[in-house]
Amino acid sequence: MANRPVQKETSRRPHFLQFNNLACETAGGKVIFATDEWFAPARNLLKRDPPEFIATAFTEYGKWMDGWETRRKRIPGHDWCIIQLGVPGIIHGFDVDTSFFTGNYAPYTSIQAACLDQMPSFTLEGDRTGMAASPSQFKAVEQLNSDSWEELVPITKLKPGYSESCHNYLNVTYPHRVTHIRINIYPDGGIARLKVYGIGKKDWSTVSSQDLVDLVALVNGGVCVGYSDAHFGHPCNMIGIGRADNMGDGWESARRLDRPKVLKVDEKGILQVPGFEWAILRLGHPGIISKIEVDTNHFKGNFPDSCQIEACCLTPDEENNLIRNQWCSDKTPKWRILLPPHKLKAHHRHMFSGESVVQCGPVTHVRLVIAPDGGVSRLRLWGRPVSNNMTRPQQISKL
Ligand SMILES: NC(=O)NC(NC(N)=O)C(=O)[O-]
């Protein structure tokens, strides 16, 4: 799929859009139950790629739609489905995207959540278009008592899926870890995508301080908290599971317009350019980083010329102040060099360890700086977790 421009954060867009989609199929999200999937299966809700509309596509059940779409109900009740998050965590908001569902969109929704220790023993198999849940599946799902799960979003009116207005952003304040959600639609209809924005919450008590862990990984609670540009791909893609599928599954900025018309390099072969792009990530746990991977997989004609990585220690209050000031006030933290400037190669997995990685002690945040612009598909930061009280007060950077 071709890369599509990512909209830049504006005051109209909620802040939670910066977080990870914990339900995405690429993060391991799964639909485990749906009351009805006549026109289109609920698993489409979790696709990473943006919804499509093909005017001429029909199935034996009706118009082909890229989303979850149930029958026009002629019996009592409403439709709902249960989603197992790929990464359990704290949810900050939802995007119920009704793209292309116009005369057939779900007019109302509500969303419930639970933290379940055991996975249910039933799952839907294969492509379920043209089917409703069987009586035995209804019976099995009853054990979850999902109708009494915590309500994160009360019954809310949705907008139909006409271009710009297709995003229904729903803010959430719920401080508990969630493993499953139930989305209700009233009484029936279609939704193209459901994005569950949040931050992974791992049980760190099982990790020894001797274990080397990718401290910034999505599954370990890493999150992007700021960036300079994300024209073609958001920096949060860099901490996704496995290697990137394609260029769309990475961080990619636009070409900078302040590059000299004729380019020159220094004695190390690094381009002499005035500008750079940056992305700031909060680690899932404070730690001491000793091994780094910068993967430019798929970025062949658009990899950055060079990168450097900086690190620092911030308290939650300090981070909040900096986010409010968009990381560019005179309160910018004192970043310490973790990885000095390095020339990068096209479509290549760069590994740094030993003396290439500067010992910075315990850190909570990193800043990846690329010059002048380009794409990085993955960033891995292996280190040993340290207890929270080791990061403060003496090691906290002065702002
Ligand atoms: N043209 C339609 O979309 N009709 C129906 N939906 C599908 N997918 O065929 C409907 O009215 O619910």
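The values are calculated or read from the model by the stated rules, or taken from the named source; none is laboratory data. Please read all numbers here as calculations on a predicted model, not as lab measurements. Glycine also receives a Cβ, built like all others from the backbone with ideal geometry; neighbour counts cover every protein chain displayed. We work out accessible area using only protein heavy atoms, side chains counted, and drop any ligands, DNA or RNA first. Shrake-Rupley method; radii C 1.70, N 1.55, O 1.52, S 1.80 Å.
Observations on the structure shown:
- Failed item in (1) open to solvent by 20 Å² or more (accessible area, probe 1.4 Å); (2) within 16 Å of the ligand (Cβ to nearest atom), with residue 13 passing the rest: (2)
- Among all residues of the range 326-340, there is none that is closer than 29 Å to residue 26 by Cα, surrounded by 15 or more Cβ atoms within 10 Å (Cβ to Cβ), touching a residue at least 12 places away in the same chain (Cβ under 8 Å) and not hydrophobic (A, V, I, L, M, F, W, C).
- Residues that are part of a strand (DSSP E or B) and over 20 Å from residue 82 (Cα atoms), drawn from the range 162-187: 167
- Subset of the range 8-64 (residues that are more than 28 Å from residue 113 (Cβ to Cβ) and not polar (S, T, N, Q)): 8, 52, 53, 54, 55, 57, 58, 60, 61, 62, 63, 64
- Every residue from the range 347-373 that is open to solvent by 40 Å² or more (accessible area, probe 1.4 Å) and not in a loop (DSSP other than H, G, I, E, B): 349, 351, 353, 354, 355, 356, 367
- Once the range 374-391 is narrowed to residues that are in a loop (DSSP other than H, G, I, E, B) and buried (at least 17 other Cβ atoms within 10 Å of the Cβ), the residue that is farthest from the chain's Cα centre (by Cα) is 386.
- Residues of the range 60-72 that are within 19 Å of residue 98 (Cα to Cα) and more than 8 Å from the ligand (Cβ to nearest atom): 66, 67, 68, 70.
- Any hit, the range 150-161, residues being more than 16 Å from the ligand (Cβ to nearest atom), part of a loop (DSSP other than H, G, I, E, B) and either at negative phi or touching a residue at least 40 places away in the same chain (Cβ under 8 Å) (or both): yes
- One residue stands out in the range 188-213 among those that are within 16 Å of the ligand (Cβ to nearest atom) and not in a strand (DSSP E or B): the one that is nearest to residue 20 (Cα to Cα), namely 192.
- A count restricted to the range 36-59 and to residues that are surrounded by fewer than 17 Cβ atoms within 10 Å (Cβ to Cβ), touching a residue at least 24 places away in the same chain (Cβ under 8 Å) and within 11 Å of the ligand (Cβ to nearest atom) stands at 2.
- Filter pass, residue 160 being over 27 Å from residue 299 (Cβ atoms) and in contact with a strand residue (DSSP E or B) (Cβ under 6 Å, 6 or more places away or on another chain): yes
- Meets criteria (within 16 Å of the ligand (Cβ to nearest atom) and under 22 Å from residue 166 (Cα atoms)) for residue 110: no
- The residue pairs whose first member lies in the range 65-78 and is more than 12 Å from residue 51 (Cβ to Cβ) and among the hydrophobic types (A, V, I, L, M, F, W, C), whose second member is within 11 Å of the ligand (Cβ to nearest atom) and open to solvent by less than 60 Å² (accessible area, probe 1.4 Å), and whose beta carbons are closer than 9 Å, counting only pairs six or more residues apart or on different chains, do not exist in this structure.
- Every residue from the range 293-322 that is out of contact with any His (no Cβ under 8 Å at 6 or more places or on another chain) and more than 12 Å from residue 367 (Cα to Cα): 301, 302, 304, 305, 315, 316, 317, 318, 320, 321, 322
- Residue count, the range 141-158 (criterion: within 15 Å of residue 115 (Cα to Cα), modelled with pLDDT of 95 or more and surrounded by 12 or more Cβ atoms within 10 Å (Cβ to Cβ)): 5
- Scan the range 295-346 for residues that are under 21 Å from the mean Cα position of the chain (by Cα), at negative phi and assigned to a loop (DSSP other than H, G, I, E, B) and the total you get is 3.
- In the range 284-313, of all residues being open to solvent by 10 Å² or more (accessible area, probe 1.4 Å) and of a type in the set (A, V, I, L, M, F, W, C), the one that is nearest to residue 208 (Cα to Cα) corresponds to 288.
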